[in-house]
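S.K.: Following this message is one structure expressed as structure tokens.
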Amino acid sequence: MPTVILMDVSLSMTRPVSLDGGDEFQRKNLAVHGLNMLFEHMASNYRLEFTSLMAFSSLWELLVPFTRDYNALQEALGNLEDYDKTCVESALTGVSSVVQQEWGSACPCQVVLVTDGSLGIGKGSLRQSLQSLKHRADDKKFPLPFPFPTKMFIMSIANAEELQATDAMNNLEELLHLSGGDGQIFTMEGPLCMKSVQAMFGRLIDHAYSPFHAVLHCGNLSSDVQVFPRPEPIVMDEEVDPMPRSINPDLELVGFIEIADISSPPVISRHLVLPINVNKEVDEVGTGATDELEEEPSASQMAGKNPNFCVLLHGSLKVEGMVALVQLGPEWYGMLYSQADSKKKSNLMMSLFEPGSEPLPWLGKITHLGPISEAAENPYGEDDSKSPFPLQPSVKRSYAQNVTVWIKASGLQTDVQKILRNARKLPDKTQTFYKELNRLRKAALAFGFWELLKGVADLLERECTLLPDSAHPDAAFQLSHAAQQLKLASTGDSQYAAFDHNIAPMHTDFSS
Amino acid sequence: MKIFSVAHKTVFVVDHCPYMAESSRQQVECDVLTKSRGQGVIPLAPVSKSLWTCAVECSMEYCRILYDVYPLHKLINYVVSDSEFHILNTWRQEDQSTHELMSALAAVGPPNPREDPECCSILHGLVAAVESLCKITELQHERRTDMMDTAERVANRGRIICLTNAKSDTHVRMLEDCIQETILEQNRLAAGSDRLMAIQQCDLVLVHIHPQGEEPLVYDRPKKEISSLLTSEVHSQHYDLASTTITNIPMKPTLNVCEQEEQHANTSANYDVELLHHRDAHMEFFKSGDLHMAGSSTRENGLKETITLKWCTPRTNSIELHYCTGAYRISPTDVNSRPSSCLTNFLLNGRSVLLEQPRKSGSKVISHMLSSHGGEIFLHVLNSNRSTLEDPPSISEGCGGRVTDYRITDFGEFMRENRLTPVSETSHDPSGKLPAERAKSQLERHTRYWPMIISQTTIFNMQAVVPLANLIVKETLSEEDVLTCQKTVFNLVDMERKNDPLPISTVGSRGKGPKRDEQYRIMWNELETLVKTHAGATDRHQRVLDCIVACRSKPPEEEEKEKKKRGRKREDKEDKTEKNGSKDADDKSWQESERLKGLLDKEEPETEVIKDSPDSPEPANKKPRLSIEEVPPPERAKGPVSLLTMWSNRITAANSRKHQEFMGRVSSVNNKFELYQQLKEENGMDVHENGKSSR
């Protein structure tokens, strides 16, 4: 989930912070300190996150486009300049376009807005933006909610009392609400100082940037892993089940399925599953071991030499072309598979299915998937030539069962022509003739379209009179028999108009 | 859409009063004459549908699309109203099919124009519809029972679609009032019942059906009234449907399908097919405002808008795993038209098609895929944006990434054995566990002892151990399985006696690695570890363990100790096995297995020799070799060991660590190394080779 840091560089951020003696700081310094701390944390623990830095005042500027280079981000923080007044609306419009340009509109994003709670004055101020919310033209809509799912974190370089003294807190709360509500406002506790800003960013890190650690189990084999990005709790149906579901830190494999059988299933999110060494304080995720010195084997190199279940699993999934079905929680499943980034690099990836007992109709209920050893004979066949998947639905879909639809006249005409075409090829086409005739008869009876039955009966009688001399005598018999049966059905007489009744070919014998 | 939105329950109320027998005055020419037969034949008069037929057709088309796109949890109850009401089906899932409804409709037949119009009214049906909405569905019942304390979260909403011919605005108002009253009345009743639920929301859709060309007697009001031939407008609004037109479908790939339909191969043009599906499949377009770029167009009939996607070649293969963010069932708008059926048959044959978004810039963006799964066609939404997971560290850079001898092939085999298969819901397991739980238990059993790398294991590198290793993980063993396991053990004993080399990894150890007897000790230990983890499961598992404990060679130190304790006294075999911790019962099985072993290896007389007995003579075929042996082979040191032997063994061991052993000697059998073994192998002759044969 990419992050946009939206940094307020208006003049009010340069307000000095009063300290009991010692150095004098500006609020901006506090904000930069907090962000540096965040970047350092991400560099070591959340390395794969793409982050961009935007500065805004009455205008906005993209200082660092999305990157994993946290040095570049920190460097840019060091070179911030001061500008005029705060204008949140235009900055958010900027965020919207930057994110969509990079990631499209489906990718969830985190926005960290760092501001001092003085939200501008007059035109372009947040207060004014929010007041005019309801009466705006379509082309000047407020940028929130963003088209992409958003988590907005507002880091206020001010304490709650200061924000509540004006309407700033209310405005920020409304902003948060407009963003979709999935975020939080962080304020500083106690006096404004380095310590309290650290504490505030610490809370943000715990809340949104702590790595998700889990244990992947396959029976007695297991591996400690980091799941990246963090799987977020989701709500399925607000009305019936409003409690958000989170994935269980114990990921249990259930079994294995061929890629062709799972067949590109829809997923709600994808995550890298990275094996980690829990003994170490700092995760090695993303750092690799390339920049380490050869002489002293680093912890990560040591870890590289210990067999890890993830690597084994990944290797076999890749070779066999299979996925592993994994249980994420009660009635919630996902799949593990090998994902190749390029020819050389590949990784263990986990995709989450929609929560529920039957996320993929073609697999059926996941709880009813059992080991093949229970089956009387191997459902995959001795030579892997068969598969028990996909499951067939109990009722065929309309396009798979030759339904009759006459809403357009052409549908009806085609069906009648089909009968006539076969009628002219009697007795060779006797079977098809009656099949088509019965299909038409059934539909006409269901639709209460008795007039059609009479019409087709007349047509068949006419065909009978038009038969050439060379025609087989059976043709005439079958045609008049069919016409008579249709006429009887068109009376609605229950004896002849039963839906499940079929007109059978007349039994004739010309062999003698 | 919420689970229990108004779309969960829909009641169709179709007017069956005499006036519905009237003609719609829309004429259908069903006698289309071909040129060659035109002369002299008077075409038949066109037929026209009655209002009733129109109403039934519309409602059935509605049901068809609904059941295609939402086969579950979107239910329809069909009511016909004349002098009384006729309910044609129930909310139950098995009643939800067009075939059932058609059959019931055929039984009802068209309205009788001679019936007394005074007795007939749509009101009967509407009252029945409200009553029906109060009835609880299977899903509502299930959810209510599931949630217990929060059962009130299950809502009861529904929709009534009434197809009738309204006389006037007052008539419509009267119908509305009637429904309102009935709802209040029914809700009172529902409060006191378990099988009924009060209606929280009810949408009424009145479809006014009138003959073509006649002025409608009622005009559009906030509620919808549409003329006799438009149906799809209603669909899209009720079920969040959207439309996609697949364009540029080439004739060629679907040709063989078309040919079956007696296609006259005269058209080579590409064709288009329109599909209906859930609106979310277009989410990306709506959000990005790309709608017009993506080629949406506004049309006169059918859905207001459709999005055009282009058929894309080359086609995809099934072993590719696409990143798919959604999959939605589809239904063709014109199901039995030739283009539609060509496309659907093509897909139903198991092929998938990628679809491309036409873009002005000319860049190719693949955004969707059509694919069938078990007779159902889905529109998959593929992710076409940049991934936030790009350029991740390779798995080889992380933990365990430097290890090169993972048992990848063996784990592949393991995965294939642990594949899943649907188990019917009725099959009952005595443990009461669901199949998926049983699958997990199987994984647990199969991984009790599972070394991950080749150099960590000996037994799994030996073909000879395979039968036992495959069987011991089973939940229960048959008598036959036990025999196979025992046979495996005896085979190993034989190998040891013949001094066959073991595929022990020399990785990490200097020099030639452990000596042969040490190798066998490692192998036996490992085998024992494997079997011990399962021994507790059943008596038969335990018997396999007992067999190993009884047959395996003992570590030399242990034997030394025994020897010292006992001096040179020849103790009875029984005594010895007792020392090994075997119980009486096992002893029997041990003896039995010895007997068996004899039977199994009849062709080799020396197998009668029991290795545990120190006095047994050397096997006959080995005697000649004694002459070239300076010392008895160490692994044969089961007899009395002289001080000299012990001393020289130690010296040899110490020396051997100082130099790399000659290849031939390392893999020698009784200090004899057969040359040109590979030639023999190529000639298909039997060579003692206990490593895994190449697979």
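The values are calculated or read from the model by the stated rules, or taken from the named source; none is laboratory data. Worth saying up front: this structure is predicted, and the values here are computed from it rather than measured. Reconstructed Cβ throughout: ideal geometry from the backbone, glycine too, with neighbour counts over all protein chains shown.
S.K.: Consider only pairs whose beta carbons are under 9 Å apart and that are at least six residues apart or on different chains; among these, list those whose first residue lies in the range B:83-99 and is in the same structural domain as B:Ile65 (by TED's automatic domain parsing) and in contact (Cβ under 8 Å) with a residue 12 or more places away in the chain and whose second residue is outside any loop (DSSP other than H, G, I, E, B) and of a type in the set (Asp, Glu).
M.R.: Listed pairs, sorted by first residue: B:Leu88/B:Asp95; B:Leu88/B:Glu100; B:Asn89/B:Asp95; B:Asn89/B:Glu100; B:Trp91/B:Glu138; B:Arg92/B:Glu138; B:Gln93/B:Glu138.
S.K.: Give the range A:95-124 a look and list any residue that's touching an Asp or Glu at 6+ places or on another chain (Cβ under 9 Å), surrounded by fewer than 20 Cβ atoms within 10 Å (Cβ to Cβ) and within 29 Å of A:Gln26 (Cα to Cα), or say none.
M.R.: A:Gly124
S.K.: Report yes if some residue within the range A:323-340 is buried (at least 19 other Cβ atoms within 10 Å of the Cβ), facing another protein chain (nearest Cβ under 7 Å) and over 18 Å from A:Phe228 (Cβ atoms); otherwise report no.
M.R.: For the range A:323-340, residues buried (at least 19 other Cβ atoms within 10 Å of the Cβ), facing another protein chain (nearest Cβ under 7 Å) and over 18 Å from A:Phe228 (Cβ atoms): present.
S.K.: Filter the range B:460-483 for residues that are over 33 Å from the mean Cα position of the chain (by Cα) and either in a helix (DSSP H, G or I) or among the basic types (Lys, Arg) (or both) and give the result.
M.R.: B:Ala464, B:Glu479, B:Val482, B:Leu483
S.K.: Quickly run through the range A:193-231 and pick out the residues that are of a type in the set (Asp, Glu) and closer than 28 Å to A:Leu30 by Cα.
M.R.: A:Asp206
S.K.: Still on this structure, please answer the following. Can you report the number of residues in the range A:347-362 which are more than 7 Å from chain B (Cβ to nearest Cβ) and touching an Asp or Glu at 6+ places or on another chain (Cβ under 8 Å)?
M.R.: Summing the residues that are more than 7 Å from chain B (Cβ to nearest Cβ) and touching an Asp or Glu at 6+ places or on another chain (Cβ under 8 Å) in the range A:347-362 gives 3.
S.K.: Do you know which of the residues in the range B:182-214 that are among the β-branched types (Val, Ile, Thr) and under 18 Å from B:Ser59 (Cα atoms) is surrounded by the fewest Cβ atoms within 10 Å (Cβ to Cβ)?
M.R.: Selected residue: B:Val205.
S.K.: In addition: If you scan the range B:321-378, which residues turn out to be more than 27 Å from the chain's Cα centre (by Cα) and of a type in the set (D, E, K, R)?
M.R.: If the condition is that a residue be more than 27 Å from the chain's Cα centre (by Cα) and of a type in the set (D, E, K, R), then B:Asp334, B:Arg338, B:Glu356, B:Arg359, B:Lys360, B:Lys364 are the ones that fit.
S.K.: Now for a separate question. How many of the residues making up the range A:126-143 are buried (at least 19 other Cβ atoms within 10 Å of the Cβ) and within 14 Å of chain B (Cβ to nearest Cβ)?
M.R.: So the answer is 1.
S.K.: Which residue is surrounded by the most Cβ atoms within 10 Å (Cβ to Cβ), if the candidates are limited to the range B:410-421 and must be more than 7 Å from chain A (Cβ to nearest Cβ) and in contact (Cβ under 8 Å) with a residue 24 or more places away in the chain?
M.R.: The qualifying residue surrounded by the most Cβ atoms within 10 Å (Cβ to Cβ) is B:Phe414.
S.K.: Mind counting the residues in the range B:103-122 that are among the hydrophobic types (A, V, I, L, M, F, W, C), within 13 Å of another protein chain (Cβ to nearest Cβ) and surrounded by fewer than 21 Cβ atoms within 10 Å (Cβ to Cβ)? Give the derivation first.
M.R.: So in the range B:103-122, the residues among the hydrophobic types (A, V, I, L, M, F, W, C) come out as B:104-108, B:119-120, B:122.
Filter once more, so that each one left must be within 13 Å of another protein chain (Cβ to nearest Cβ): B:104-108.
Now restrict to residues that are surrounded by fewer than 21 Cβ atoms within 10 Å (Cβ to Cβ): B:104, B:107-108.
The number of residues fulfilling the criteria is 3.
S.K.: I would also like to ask the following. Could you figure out which of (1) at pLDDT 85 or above; (2) surrounded by fewer than 19 Cβ atoms within 10 Å (Cβ to Cβ); (3) not aliphatic (A, V, I, L, M) isn't true of B:Thr325?
M.R.: Here B:Thr325 meets the rest and fails (2).
S.K.: Same structure again: What pairs come up if the first residue lies in the range A:414-435 and is within 11 Å of chain B (Cβ to nearest Cβ), the second is among the hydroxyl-bearing types (Ser, Thr, Tyr) and assigned to a helix (DSSP H, G or I), and their beta carbons are under 8 Å apart, counting only those six or more places apart or on different chains?
M.R.: Qualifying pairs under 8 Å: A:Asn422/A:Thr432.
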